[in-house]
Amino acid sequence: MSSWARELAVGARFALSGGPGWTRTLLTAAGVGLGVVVLLLAASVPHAVAERNARDDARSPVSLGEEVPPGPDTVQYIFAGTEYRGDSVGGMLLRPDAGADTTAEPPPGLDAFPAPGEMAVSPALGELLDSPEGELLAERFDHRRAGTIGAEGLKGPNELLYYAGTEALPEERALRTDTFGVDAAGTELPAVLVLLIVVICVVLLMPVAVFMATAVRFGGERRDQRLAALRLLGADTDMTRRIAAGEALVGALFGLVAGVGAFLALRQFLGSITVWEFSTYPGDIVPSPLLLALILVAVPVSAVAASLFALRGIAIEPLGVVRESSVPRRRLMWRLAPGVLGLLLLLPFVGSFDSGSSAEQGRVATGIVLLLAGTTVLLPWLVERIVGRLRGGPVSWQLATRRLQLSSGTAARTVSGITVAVAGAIALHMLFFGARADQTVVTGDDPDRAQIEVSRTSADGGDMSALVGRLESAPGVTDSFGSVAGDAITEAGDFTPVLVADCGTLRESAVLPSCANGDVFLANGSDVPESSLPAPGERLNLAVSWETGEVAGEPRWWTVPETVPVVESRPDASGQEHVGILATPAAIDPGLLADPWTEVLLRVDPHEADVIEHVRNVAWEMSPPAQVWELESERVSDELLDVQQALLVGATGIMLLIGASMIVSMFEQLRERRRLLSALVAFGTRRGTLAASVLWQTAVPVVLGLAVAAAVGTGLGALLMSMADLRLGGWLAFLPMAGAGAATIALVTLVSLPLLWRLMRPDGLRTE
């Protein structure tokens with residue numbers, strides 16, 4: 001142990017001795033630091049999500065409905081959220097039963113309940129309402145702002161939320177509570193979503209580990225020269241390897257310190273950033289203690305292990321190293337072992353993956369890790385075999401291919417991170433393709449016939465015409481179809497739906513031979529036989545609540561005309577099929593219906609900006625506000641959207657890391673070759689030729705890496721879809737990844753050109 005400590009300390013002195021040692025140490029620290037930042041952020045995700053959910057639960061009312069009698073400590077409330085330009089705006093109307101004398105505790109974040117006509121808003125909502133971008137949203141709120149919601153009442157600093165006080169709430173919609181704060185039990189996710197989460201965690205963290213293992217091996221050629229000099233001074237082989245590990249250890253420790261510092265500095269700014277509608281407070285971004293301890297220990301240990309592993313096949317002699325002679329050809333068989341082992345772990349789950357077992361999830365994660373790790377060990381063999389056969393071509397191509405032939409391992413390690421990320425992204429894309437179909441519900445909406453639905457319940461159905469008129473005046477609305485629906489009951493006690501609308505709207509709901517105001521139709525559907533419809537001359541009582549099915553108040557009799565045609569119903573644009581009585585306003589007064597439901601379908605101009613916001617503003621003026629929906633032919637489950645949001649947040653950070661890692665690796669390679677570049681310039685090599693050679697040196701390994709990633713990712717994606725019993729598809733998922741690879745090549749080449757030109761000076765040949 002004492003010799004290990006002494007020789008690691010000697011390596012640390014070399015790393016800190018200045019000159020080339022400092023440069024290599026700083027490059028290693030930069031690479032490791034980037035990885036540490038990502039690992040710490042990933043380790044903080046569970047705590048951040050848990051804190052967001054805890055604050056959300058703490059402000060949720062405990063609803064016991066009518067079982068809670070009005071009292072001094074009870075509050076009536078209605079959820080009154082809205083949406084603005086794709087962002088959700090949460091809200092709640094509050095009315096303490098005891099008024100100003102209430103003893104009820106307000107929701108977290110409020111010191112007191114807002115008075116009638118007043119509202120408290122979150123800081124982000126207040127800024128939006130005061131800005132020109134929130135002008136349309138400000139039209140919906142006629143309450144006076146009298147307070148700000150505190151951080152303890154918000155899921156994140158950028159959440160849009162308000163609480164408004166009111167004099168009265170409609171009894172049929174209002175709920176009552178005496179406590180805010182629920183203990184929400186987590187619901188078990190479907191197996192396909194659990195599988196998605198496991199794959200996402202593996203895919204997002206694997207490139208980080210690969211890049212950190214690459215970073216501790218920066219500057220290998222200059223290190224070998226120093227180690228050869230140590231052998232000349234009398235050090236044995238084991239001693240030189242431990243000294244090399246000491247150099248890598250210092251760089252890793254510096255990177256660890258730099259990564260922790262960058263993480264602490266970065267999290268202070270994360271509160272002002274919203275990525276895919278996700279924001280959190282800096283105080284929530286705290287790594288799990290166990291994961292933090294694991295990172296602090298694993299990073300330096302991995303640095304030493306990676307350094308020793310890199311020297312396993314190198315004979316360091318006093319007069320040089322074997323690496324400068326011919327390199328033994330890499331063997332294929334052992335490189336296939338991780339992938340084969342991963343397949344053996346995953347194949348038993350085909351068609352039978354169960355999300356309930358953590359052991360199964362661990363086996364799946366291990367299998368995916370082994371398969372993706374197989375790409376990193378297979379890529380050096382493939383690059384060596386391919387570039388070893390490249391001959392001829394322009395000077396820039398020959399310079400690039402010769403350099404790759406001399407150090408194909410370095411080139412493969414440089415792109416191994418992007419290979420793992422792309423392979424995982426392809427598999428995830430295919431899995432999402434199947435999961436989306438599995439977690440998608442066909443709504444029956446027809447967006448080609450109408451694009452927006454506005455609906456509300458009210459005490460009087462006679463205001464339908466006024467609502468339609470106001471909606472038609474909204475900018476961007478081109479046509480409208482308004483109707484009022486209710487229920488009627490025959491003298492025999494049979495229920496019959498009733499729909500009152502003009503002829504244009506009725507034609508959207510049934511096939512009519514002709515129509516004029518005053519006409520009545522009996523509509524039957526595929527599930528409603530004609531014998532179940534009311535007979536001509538039969539009396540119907542219109543005073544029936546469609547919610548309770550009970551007669552409300554005095555009877556309101558209406559008689560079916562003796563000559564009433566029977567028509568075939570058809571679903572309207574919202575997918576609803578109306579059967580029973582279809583009547584025009586002259587035949588049945590909508591005001592006669594008890595507890596009517598008003599629906600307006602709108603056609604809009606797709607080129608009109610903010611048409612949906614104008615419609616929401618009109619609907620918000622109603623009391624109670626009408627609900628506004630954008631018609632969609634299919635709707636994806638919220639759980640899948642949450643998982644997709646987490647993937648987008650993580651993938652954004654990982655792609656930034658991959659781009660930064662390749663740039664750092666390219667800088668390290670150029671620095672290693674500065675004498676060679678200076679020699680080439682001294683012989684008259686043009687800048688454009690050397691710049692093109694740098695492009696080819698980046699492009700060839702990336703293209704080969706993308707080919708491996710496409711094959712492995714597609715196979716893994718098909719295997720995962722089979723495990724989740726999903727329909728296979730998404731075979732072209734690798735095409736976007738090819739575009740990402742081309743963009744990465746261009747970015748790395750462009751960023752490395754300034755350093756390349758600075759190194760292309762004849763004075764770089766001077767030595768000391």
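Restricting segment 168-191 to residues that are surrounded by 13 or more Cβ atoms within 10 Å (Cβ to Cβ), among the hydrophobic types (A, V, I, L, M, F, W, C) and part of a loop (DSSP other than H, G, I, E, B), the residue that is modelled with the lowest pLDDT is Leu189. I'd like the residue in segment 48-57 that is surrounded by fewer than 19 Cβ atoms within 10 Å (Cβ to Cβ) and at pLDDT 85 or above and, out of all such residues, is farthest from Pro157 (Cα to Cα). Among those residues, the one meeting the criterion is Asp57. Annotation for segment 434-442: no member residue is surrounded by 23 or more Cβ atoms within 10 Å (Cβ to Cβ) and at pLDDT 75 or above. What residue, among those in segment 83-107 that are under 19 Å from Tyr281 (Cβ atoms) and in contact with a strand residue (DSSP E or B) (Cβ under 7 Å, 6 or more places away or on another chain), is surrounded by the most Cβ atoms within 10 Å (Cβ to Cβ)? Once the filter is applied, the top-ranked residue is Pro107. Pairs meeting the criteria (first residue in segment 237-253 and of a type outside the set (Ser, Thr, Tyr), second residue not in a helix (DSSP H, G or I), beta carbons under 7 Å, at least 6 apart or on different chains) are Arg241/Leu311; Ala244/Leu311; Ala248/Val216; Val250/Leu16; Gly251/Val216; Ala252/Val216.
Taken over segment 594-629, the criterion of being at pLDDT 85 or above and aliphatic (A, V, I, L, M) is satisfied by Val600, Leu601, Leu602, Val604, Val611, Ile612, Val615, Val618, Ala619, Val628.
Taking segment 533-573 as the region of interest, the strands (runs of 3 or more DSSP E) fully inside it that hold 2 or more residues being touching a residue at least 40 places away in the same chain (Cβ under 8 Å) and not assigned by TED's automatic domain parsing to the domain that holds Glu172 are 539-544, 566-569.
Name the single residue that is farthest from Val618 (Cα to Cα) among those in segment 115-143 being more than 35 Å from the chain's Cα centre (by Cα) and part of a loop (DSSP other than H, G, I, E, B). Quick ask: steps written out before the conclusion?
The initial filter retains those residues of segment 115-143 that are more than 35 Å from the chain's Cα centre (by Cα), namely 115-118.
Subsequent filtering for residues that are part of a loop (DSSP other than H, G, I, E, B) retains 115, 117.
Working: Ala115: 25, Gly117: 19 Å.
The residue in question is Ala115.
Considering every residue within segment 95-111, establish whether at least one is in contact with an Asp or Glu (Cβ under 6 Å, 6 or more places away or on another chain), of a type in the set (A, V, I, L, M), outside the structural domain of Gly283 (by TED's automatic domain parsing) and part of a loop (DSSP other than H, G, I, E, B).
So the first thing to find is which residues in segment 95-111 are in contact with an Asp or Glu (Cβ under 6 Å, 6 or more places away or on another chain), and the list is 103-104, 108-109.
When the remaining residues are screened for being of a type in the set (A, V, I, L, M), the result is 104.
Imposing the further condition that a residue be outside the structural domain of Gly283 (by TED's automatic domain parsing) reduces the set to 104.
Checking which are part of a loop (DSSP other than H, G, I, E, B) leaves us with 104.
Within segment 95-111, one or more residues are in contact with an Asp or Glu (Cβ under 6 Å, 6 or more places away or on another chain), of a type in the set (A, V, I, L, M), outside the structural domain of Gly283 (by TED's automatic domain parsing) and part of a loop (DSSP other than H, G, I, E, B).
Listed here are the residues, each with its yes/no results for (1) surrounded by 16 or more Cβ atoms within 10 Å (Cβ to Cβ); (2) in contact with a His (Cβ under 8 Å, 6 or more places away or on another chain); (3) at pLDDT 90 or above.
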| residue | (1), (2), (3) |
| --- | --- |
| Ala492 | no, no, no |
| Leu499 | yes, yes, yes |
| Leu506 | yes, no, yes |
| Phe521 | yes, no, yes |
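The values are calculated or read from the model by the stated rules, or taken from the named source; none is laboratory data. What you see is a predicted model, and the numbers here were worked out from it, not measured in a lab. Glycine also receives a Cβ, built like all others from the backbone with ideal geometry; neighbour counts cover every protein chain displayed.
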